[in-house]
Amino acid sequence: MKNVKKYSKILYYFGFCVVLPCIVFAYILNVTVLFFPHVFSRLTGFLITSPFDYVSVFLKIAWAIVFSISDFLFAFGFFYFVRLLRQYYKGYIFVDRSLSLLRTISRVALTWTIYQPIQNTLRTLILTFHLGHGKRKISLPLASKDIFNIFVVFCFLIITSLMYEGYKLKKEQDLTV
């Protein structure tokens, strides 16, 4: 039990000190490169040749929304992961609240994993939308890593659901005489 508390505290602080700033920095960097490539070029010294040079503002906003959904899902899952770590630090490991947080995290992770190929499909559509009729492309780039990630996260969802059902059965059994 000491190790669980110690490791959850370490992960809790690591998440706030390292992971959260990386998420914010990556989001700001993506928005800067998308809407203000000249600012990024001045700050870094790299010349940005963007595929968005000939794209309308509407498509840039659509691109930002498509990528923001993925970032939002990741941040949402991270928020619940931090709440789960707080529960573990308090010593509540196999309780109703911790197991429901674990199930929520697995559902968000499955949604995020399924959204990744969809995001790539929308990206190819947005990048070729300005070309006109007959020249637009839409593709579903489903790589083997995407299939593997979906499989692993789906297994995680099943395991967390089984843990929650086992907890409910134990709770029912404790109530019967």
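Is it the case, given these coordinates, that R103 is assigned to a helix (DSSP H, G or I), under 27 Å from K9 (Cβ atoms) and in contact with a Ser or Thr (Cβ under 7 Å, 6 or more places away or on another chain)?
Taking the combined requirement at face value, the residue satisfies it.
Hey, can you tell me all the residues within segment 93-110 that are surrounded by fewer than 15 Cβ atoms within 10 Å (Cβ to Cβ) and not acidic (D, E)?
Selection gives I93, F94, V95, R97.
Conditions first: (1) at pLDDT below 85; (2) closer than 30 Å to C155 by Cα; (3) in contact with a Ser or Thr (Cβ under 7 Å, 6 or more places away or on another chain). V24 passes all but one, so which condition is the exception?
Only one criterion in (1) at pLDDT below 85; (2) closer than 30 Å to C155 by Cα; (3) in contact with a Ser or Thr (Cβ under 7 Å, 6 or more places away or on another chain) is unmet by V24, namely (3).
Across segment 89-105, what is the total count of residues that are of a type in the set (F, W, Y) and in contact (Cβ under 8 Å) with a residue 12 or more places away in the chain?
2
So how many residues does segment 106-152 have that are under 30 Å from Y167 (Cβ atoms), free of Cβ contacts under 8 Å to residues at least 40 places away in the same chain and among the hydrophobic types (A, V, I, L, M, F, W, C)?
Taking segment 106-152 first, the residues under 30 Å from Y167 (Cβ atoms) are 106-115, 148-152.
This time we only want the ones that are free of Cβ contacts under 8 Å to residues at least 40 places away in the same chain, so: 108, 111, 114, 148-149, 151-152.
In the following step, the residues that additionally are among the hydrophobic types (A, V, I, L, M, F, W, C) were identified as 108, 114, 148, 151-152.
Summing the residues that are under 30 Å from Y167 (Cβ atoms), free of Cβ contacts under 8 Å to residues at least 40 places away in the same chain and among the hydrophobic types (A, V, I, L, M, F, W, C) in segment 106-152 gives 5.
Looking at segment 111-141 only, could you name the residues that are farther than 19 Å from I69 by Cα, surrounded by 13 or more Cβ atoms within 10 Å (Cβ to Cβ) and out of contact with any Ser or Thr (no Cβ under 8 Å at 6 or more places or on another chain)?
T128, F129
Listed here are the residues, each with its yes/no results for (1) of a type outside the set (G, A, S); (2) in a helix (DSSP H, G or I); (3) modelled with pLDDT under 80.
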site	(1), (2), (3)
L122	yes, yes, no
L127	yes, yes, yes
K137	yes, no, yes
K145	yes, yes, no
I150	yes, yes, no
T160	yes, yes, no
Y164	yes, yes, no
Y167	yes, yes, no
D174	yes, yes, no
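Looking at segment 67-94, which of its residues are farther than 21 Å from P21 by Cβ and among the hydroxyl-bearing types (S, T, Y)?
Matches in segment 67-94: Y88, Y89, Y92.
Only one of these conditions is not met by L110: (1) more than 16 Å from the chain's Cα centre (by Cα); (2) part of a helix (DSSP H, G or I); (3) farther than 20 Å from A26 by Cβ; (4) of a type outside the set (D, E, K, R). Which number is it?
Looking at each condition in turn, L110 falls short on (1).
The values are calculated or read from the model by the stated rules, or taken from the named source; none is laboratory data. Nothing here was measured: the structure is a model prediction, and the numbers come from that model. Please note: Cβ atoms are built from the backbone with ideal geometry, for glycine as well, and neighbour counts cover all protein chains shown.
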